[in-house]
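Undergrad: Handing you this structure, nothing more for now.
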Amino acid sequence: QVQVVESGGGSVQAGGSLRLSCAASGRALTTLTMGWFRQAPGKERQFVTITRYGGGSTSYADSVKGRFTISRDNAKNTVYLQMNSLKPEDTGVYYCAARVGPAGVGAASYNYWGQGTQVTVSS
């Protein structure tokens with residue numbers, strides 16, 4: 001059984017930065033594909049970024065490319081999401097998700113989810 005716990009959300013003005021953390025337990029991080037998703041009020045959960053199991057290759061949604069960076073610390077079994085140049089449209093609940101082995105960018109690919117952390121960006 002894998003558990004993931006997010007932390008680091010908060011409120012920031014447009015142009016600011018936040019770093020989210022996702023601590024995984026139950027499996028070594030190198031065996032997990034880890035994804036970040038977000039959900040704004042009244043909208044569907046959308047893909048933000050993933051780091052794949054093994055080598056840790058990454059993919060990003062077009063809307064966050066160049067502003068967000070996902071990284072992993074295998075020794076701490078933790079994934080980070082550094083968010084820079086935040087915009088009001090980045091507001092939402094950010095979820096960390098995990099799957100053992102390969103996974104895609106769709107939320108349905110993941111079977112372990114955190115409780116979510118709120119990110120609010122004001123203009």
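Undergrad: With every atom except the alpha carbons ignored, what do you get for Rg and Dmax of the chain, in angstroms?
TA: 13.3, 40
Undergrad: At a temperature of 10 °C and a viscosity of 1.306 mPa s, determine how fast the range 30-93 diffuses translationally according to Stokes-Einstein, using the Kirkwood radius over alpha-carbon pairs as Rh; express D in µm²/s, rounded to the nearest whole number.
TA: Using the Kirkwood radius from Cα pairs, D works out to 127 µm²/s.
Undergrad: Right, here's the next one. So, R0 is 30 Å and r is the distance between the beta-carbons of Lys43 and Asp73; what FRET efficiency does that work out to, to 0.05?
TA: Approximately 0.45, to the nearest 0.05.
Undergrad: Using a probe radius of 1.4 Å on heavy atoms only, what accessible surface per residue do you get for the chain? Whole Å² is fine. Present the calculation step by step, with values, prior to reporting the outcome.
TA: Working: 5890 Å² over 123 residues.
Using a 1.4 Å probe on heavy atoms only, each residue of the chain averages 48 Å².
Undergrad: Straight-line reach from Lys65: which aspartates and glutamates have Cα under 19 Å away, leaving out those fewer than 8 places along the same chain?
TA: Partners within reach: Glu89, Asp90.
Undergrad: Hull surface divided by four, with the convex hull built on the Cα atoms of the range 1-69: how many nm²?
TA: 5.7 nm²
Undergrad: How large a share of the accessible area of the chain, in percent, is made up of carbon and sulfur atoms when the probe is 1.4 Å and the other protein chains stay in place?
TA: The value for the chain is 47 percent carbon and sulfur by accessible area.
Undergrad: Let me ask something else about it. How big is the range 77-123 along each principal axis, measuring the range of its Cα positions in Å and listing the largest first?
TA: 39, 22, 19 Å, listed from the longest principal axis down.
Undergrad: Once you charge only the Cβ atoms, +1 for Lys and Arg and -1 for Asp and Glu, what is the size of the charge dipole of the chain about its Cα centre, to the nearest 20 debye? Don't skip to the end; give the middle numbers.
TA: Numbers: 12 positive and 6 negative charges, 36 e Å.
In debye, rounded to 20, the chain gives about 180.
Undergrad: Lys/Arg Cβ at +1, Asp/Glu Cβ at -1, dipole of the chain taken about the Cα centre: which of Leu18, Thr69, Thr117 is farthest positive-ward?
TA: Thr69
The values are calculated or read from the model by the stated rules, or taken from the named source; none is laboratory data. Predicted model, so just to flag it, every value in this text is computed and none were measured. Heads up, the Cβs are rebuilt from the backbone with ideal geometry, glycines too, and the neighbour counts pull from every protein chain shown. Accessible surface areas use protein heavy atoms only, side chains included; no ligands, DNA or RNA. Shrake-Rupley method; radii C 1.70, N 1.55, O 1.52, S 1.80 Å.
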